[in-house]
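Asker: First, the structure itself, so that you have it in front of you.
The values are calculated or read from the model by the stated rules, or taken from the named source; none is laboratory data. Quantities reported herein were computed from a predicted structural model and do not represent experimental measurements. Cβ coordinates were reconstructed from backbone atoms using ideal geometry, including for glycine residues, and neighbour counts include every protein chain displayed. With ligands, DNA and RNA removed, areas are computed over all heavy atoms of the protein, side chains included. Shrake-Rupley method; radii C 1.70, N 1.55, O 1.52, S 1.80 Å.
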Amino acid sequence: QVQLVESGGGLVQPGGSLRLSCAASARIFSINVMGWYRQAPGKQRELVAIITSGGSTNYADSVKGRFTISRDYAKNTMYLQMNDLKPEDTAVYYCNALNRGTEYWGQGTQVTVSS
């Protein structure tokens, strides 16, 4: 069982930055894949970025060059650094972990980009 707790969301102006955190109850070095997803009002949940246990990363085209996913093994925490935020980045952001065939989700954190 892996529990995930997101934090770091909030209201930011266009062009601003936020860093989301996802604290895991398990040692993240052993988790196969971790990632960030988001869901905007009226839209389906979509992949934002993933990182594998081997350190490989993948990003949605819409966030490439602006967002960076990373992990801190000592803190068992995954991050999403979001720069140059745009209004279309507004959504609830969810942390996800896939471990030994079981998927886990956090409760989500709201990110609102507005002037």
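Asker: Subtract the Cα-Cα distance of residue 40 and residue 86 from 0.36 nm times their separation in residues, and report this length gain in nm to one decimal.
Answerer: Numbers: separation 46, 0.36 × 46 = 16.56 nm, distance 1.30 nm.
Full extension of this stretch gives 15.3 nm more.
Asker: Averaged per residue, what accessible surface does the chain expose to a 1.4 Å probe, in Å²?
Answerer: On the way: 6080 Å² over 115 residues.
Accessible area per residue: 53 Å².
Asker: Given a Förster distance of 30 angstrom, what is the FRET efficiency for residue 110 paired with residue 29, based on the Cβ-Cβ distance and rounded to 0.05? Mind dumping the intermediate values first?
Answerer: Details: r = 29 Å, r/R0 = 0.97.
Here the calculated transfer efficiency is 0.55.
Asker: Ignoring ligands, DNA and RNA, what percent of the accessible area of the chain is carbon or sulfur (1.4 Å)? Don't skip to the answer; put the middle values down first.
Answerer: Working: 2750 of 6080 Å².
That fraction is 45 percent.
Asker: Binning at 5 angstrom from zero up to the longest distance, how are the C-alpha pair distances of the chain distributed in percent?
Answerer: 2, 13, 25, 26, 19, 10, 4, 1, 0
Asker: For the chain, modelled as a Gaussian network with Cα springs under 10 Å, which listed residue fluctuates most, 60, 91, 24?
Answerer: Looking only at 60, 91, 24, the largest GNM fluctuation is found for 60.
Asker: Let me ask something additional. Assuming R0 = 41 Å, can you tell me the calculated FRET efficiency for the pair residue 66 and residue 1, based on Cβ-Cβ distance, to the nearest 0.05?
Answerer: On the way: r = 33 Å, r/R0 = 0.81.
Rounded to the nearest 0.05, the efficiency is 0.80.
Asker: So, one more: Can you tell me, using C-alpha contacts under 8 Å and at least 6 residues apart, the relative contact order of the chain as a whole percent?
Answerer: RCO, the chain: 37 percent.
Asker: May I ask you to list the trypsin sites (Lys or Arg not before Pro) in segment 1-91 that are in a DSSP loop and have at most 12 other Cβ atoms within 10 Å of their Cβ? Before the final figure, lay out each step's value.
Answerer: On the way: sites: 19, 27, 38, 43, 45, 64, 66, 71, 75; in loops: 27, 43, 45, 64, 66.
In loop regions of segment 1-91 (DSSP not H, G, I, E or B), the sparsely surrounded trypsin sites (Lys or Arg not before Pro) are 27, 43, 64.
Asker: In addition: Could you give me the percent of Cα pairs per 5 Å distance bin for segment 50-90, shortest bin first, beginning at zero and ending with the bin that holds the maximum distance?
Answerer: 5, 20, 30, 21, 13, 8, 2
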